[in-house]
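The values are calculated or read from the model by the stated rules, or taken from the named source; none is laboratory data. Please read all numbers here as calculations on a predicted model, not as lab measurements. As a convention, Cβ positions derive from the backbone with ideal geometry for all residues, glycine included, and neighbour counts pool all protein chains shown.
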Amino acid sequence: MDISVICNNCGAPIQFDDTKEYMFCWSCGQKILRLSVLTAVMQQQKPAAISNKPQAPRAAGSNLAITYDSSMSNVNMTVFFGGGSQPVLFTSGKSKKFHLEPGHHDIVFQIGNRSYRRSIDIIPGGAAYKVECGWCDGRAYISILQPSGGIIGS
Ligand SMILES: [Zn+2]
C-alpha cells in the first residue's frame, strides 16, 4: 500500500510504499524510514477528543453563577456536575462561577443530607444562569434564574 507523506526535509509529496523499510525522497534524496511514516500517519488519524459526557466546568467565560447561603454554618452544599468532574463544596456565603459547555446538564445539589437534581440547558452565546441555593430553618431551596430572568426551578 502506498501512503501519501510529505518529505520532512524538502516538503515534496511522496508515495511511500509501506512494504519497504525505507525510501529516498525523489526530490532531495532524504532517507525516509517506514517507521517514521507510520508514526506520522497514526498521529494524523488520532481522533479529536470527542466526549458525550458533560464537560467539566471551567472558570473562564463563566455562564453559571452559584451562590449558597445557610442559616446553619454546619450545613454545607456540594454540587455535582457529572462527567467525572470534581464535586464543588459550598460553605455558607460562598459564590462561585462556572463555565459549562453548551447543551443539557443535569446538576445535583446536595444540601445537608438531601440531594436535588436540576437541569440546565446552556445555549451557545446565551446569558449566564444564576442559581441561588440555601438552607433556611431546615429547608433547602434552589432557585434557578434563567437568562431571561424568570425562575425555572425552586
Ligand atoms: Zn525531500
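(1) under 18 Å from the mean Cα position of the chain (by Cα); (2) modelled with pLDDT under 85: which one isn't true of F81, the others all being true?
In the conditions (1) under 18 Å from the mean Cα position of the chain (by Cα); (2) modelled with pLDDT under 85, F81 misses (2) alone.
Report yes if L64 is surrounded by 12 or more Cβ atoms within 10 Å (Cβ to Cβ), within 21 Å of I120 (Cβ to Cβ) and either touching a strand residue (DSSP E or B) at 6+ places or on another chain (Cβ under 8 Å) or at pLDDT 95 or above (or both), otherwise no.
On the way: surrounded by 12 or more Cβ atoms within 10 Å (Cβ to Cβ): yes; within 21 Å of I120 (Cβ to Cβ): yes; either touching a strand residue (DSSP E or B) at 6+ places or on another chain (Cβ under 8 Å) or at pLDDT 95 or above (or both): yes.
Against the criterion (surrounded by 12 or more Cβ atoms within 10 Å (Cβ to Cβ), within 21 Å of I120 (Cβ to Cβ) and either touching a strand residue (DSSP E or B) at 6+ places or on another chain (Cβ under 8 Å) or at pLDDT 95 or above (or both)), L64 qualifies.
Which residue pairs have Cβ atoms closer than 6 Å, lie 6 or more positions apart in sequence or on different chains, and pair a first residue in segment 101-114 that is β-branched (V, I, T) with a second residue that is exposed (fewer than 13 other Cβ atoms within 10 Å of the Cβ)?
Correct list of pairs: V108/S115; V108/R117.
Exactly one condition in (1) away from the ligand (no atom under 16 Å from the Cβ); (2) out of contact with any helix residue (DSSP H, G or I) (no Cβ under 6 Å at 6 or more places or on another chain); (3) at pLDDT 85 or above is not met by E21; state its number.
It is condition (2) that E21 fails.
For the list (1) assigned to a loop (DSSP other than H, G, I, E, B); (2) among the aliphatic types (A, V, I, L, M); (3) at pLDDT 90 or above, I need the number of the one condition that L89 fails.
(1)
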